[in-house]
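What follows is a short report on a single structure.
The values are calculated or read from the model by the stated rules, or taken from the named source; none is laboratory data. Source: prediction; values computed, not measured. All Cβ positions, even for glycine, are placed from backbone atoms using ideal geometry, and neighbour counts span all protein chains on display.
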Amino acid sequence: MMKTIAALLLVLSFTIGAGAQDGDTITVDTPLSSEEIAQLHTRCDRNEVQVCLFLATLYEKGKSVEIDLPRMIELLEKSCSLFGSGRACNRLAGKYRNGEGIEEDKDKALIYYIRSCDMDAENAIGCANAGYMYLYGEGVIKNLFDAAFYLEKACERRQVFACDSVAELYNINKDFERNVDKVIKYSKIACELGRDLSCDLAAALEENPAEIYGNAKTAVKILNSKCMEQRHVFSCLALGNALYTQAKTQEEKQIAVKYFDFACGFSEKLGCAYLGHIYREGSLGEKNYEQSNKYYEKACSFGESSSCTNLGTAYATGVGVAKDFFKAQEFLDKACTLKDGLGCLNLGHAYKIGHNDFSRNAELAVKYYEKACALDKEEGCSLARQLKQVIAF
């Protein structure tokens, strides 16, 4: 049987007790009794949606109650469908999307993401997830117009990744009509949210909207001059990207790669990261993992989180480098610190499995799985829950 949950520290901020006023919260640092759980169910039945969501979390995490995923789903369904909680709809959509606690159903996931987006004017995540499902055709028919619609909503609600995606969609997607005004609009929002390259993109387009067209001779001339003579990093990246996406031969790709190399040489993390991807995927011919890792290491040193993850994973698996679990831990930990969910997830795997001198550590594995979960890696949520059950026996 599971050890008593009293050994676990339950820190959940929530309004509990008949005398609590709106906004009053207490910190629960001991497990709730069966009577308190029953009281929460009574309050949920009285249409207190936040109480229902709290209960759903308890049943999902196994806090003060046994893990009960069907009960979690039931509470989320109730909160979404009966009480109109956009937050509950978004959580429920994620469960259908990943088949967690219920059979995977992408159609229902999309329905609940859209419902979440429509119900809550402040909810950006539901809109963004609906947009991405349409953008990539994830279990639904790919539809760039619907993708743009929901990504725009998410961006206007200050979801920076959605701003990046919709600006790119309007700027360089060959299957979508280019709209410079919208690229500028959403790049400016991303700029306000801390995306320096988006600031550069908006400024460059306002100065000369034609300059981002990779097939325009004048644009190439302008960007080349800014890159080579003014060391303008965005111009190097923009020209490299424009030339690379339109390249039809290896020679043309090599020319494009030159501009990524310039950007990397100017300490621009994305230039280095792009080169890491290109060499890893073998886009210039055969895959070159040594070169790929070289550029990932540079990008990581400049703070590009996914490159830290890729390099850490390379050390963990021995791809292009000798296996070294301590280096893997170093780079994955940096990736996780930089809020890359996959880095946290992979570091959790490393601590769960262990290797030679790198000892297993289930508690640390749970810690990093939970960090991955907090960064929207649903796999981390389920792995943390499963491992905690093993530890508790």
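Here are a few things to note about the model shown:
- For region 289-305, the candidate set comprises residues that are touching a Leu at 6+ places or on another chain (Cβ under 7 Å) and assigned to a helix (DSSP H, G or I); within that set, the residue that is surrounded by the fewest Cβ atoms within 10 Å (Cβ to Cβ) is Glu297.
Each row is one residue, and each column tells you yes or no for (1) at positive phi; (2) surrounded by fewer than 16 Cβ atoms within 10 Å (Cβ to Cβ); (3) at pLDDT 90 or above.
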residue	(1), (2), (3)
Asp22	no, yes, no
Thr27	no, yes, no
Gln39	no, no, yes
Asn47	yes, yes, no
Leu53	no, no, no
Cys80	no, no, no
Ser85	no, no, no
Tyr112	no, no, yes
Met119	no, no, no
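- Taken together, the residues in region 207-229 that are modelled with pLDDT under 75, loosely packed, with under 13 Cβ neighbours inside 10 Å and part of a helix (DSSP H, G or I) amount to 5.
Residue-by-condition table, conditions (1) part of a helix (DSSP H, G or I); (2) modelled with pLDDT under 90:
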site	(1), (2)
Ala242	yes, yes
Gly271	yes, yes
Glu286	no, yes
Thr309	yes, no
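- Restricting attention to region 77-102, the residues being under 23 Å from Lys388 (Cα atoms) and over 19 Å from the mean Cα position of the chain (by Cα) number 2.
- Looking across Ala335, Ala322, Ala365, one residue alone is hydrophobic (A, V, I, L, M, F, W, C) and touching a residue at least 24 places away in the same chain (Cβ under 8 Å). It is Ala335.
- Residues (surrounded by 15 or more Cβ atoms within 10 Å (Cβ to Cβ), among the basic types (Lys, Arg) and modelled with pLDDT of 85 or more) located in region 158-183: Lys182
- Residue list for region 107-117, restricted to those being touching a residue at least 24 places away in the same chain (Cβ under 8 Å) and either under 19 Å from Cys163 (Cα atoms) or not hydrophobic (A, V, I, L, M, F, W, C) (or both): Asp107, Tyr112, Tyr113, Ile114, Arg115, Ser116, Cys117
- Just one of (1) farther than 20 Å from Leu311 by Cβ; (2) without any contact (Cβ under 8 Å) to a residue 12 or more places away in the chain; (3) among the β-branched types (Val, Ile, Thr) fails for Ile353. It is (1).
Rundown of residues vs (1) out of contact with any Asp or Glu (no Cβ under 8 Å at 6 or more places or on another chain); (2) among the polar types (S, T, N, Q); (3) assigned to a loop (DSSP other than H, G, I, E, B); (4) within 20 Å of Cys381 (Cβ to Cβ), yes/no style:
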position: Leu92; (1), (2), (3), (4): no, no, no, yes
position: Ser116; (1), (2), (3), (4): yes, yes, no, yes
position: Gly126; (1), (2), (3), (4): no, no, no, yes
position: Tyr134; (1), (2), (3), (4): no, no, no, no
position: Asp146; (1), (2), (3), (4): yes, no, no, no
position: Glu152; (1), (2), (3), (4): yes, no, no, no
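- Any hit, region 328-348, residues being among the aromatic types (Phe, Trp, Tyr), under 22 Å from Arg280 (Cα atoms) and crowded, with 20+ Cβ neighbours inside 10 Å: yes
- Some residue of region 41-63 being farther than 26 Å from Arg97 by Cα and in contact with a strand residue (DSSP E or B) (Cβ under 9 Å, 6 or more places away or on another chain): no
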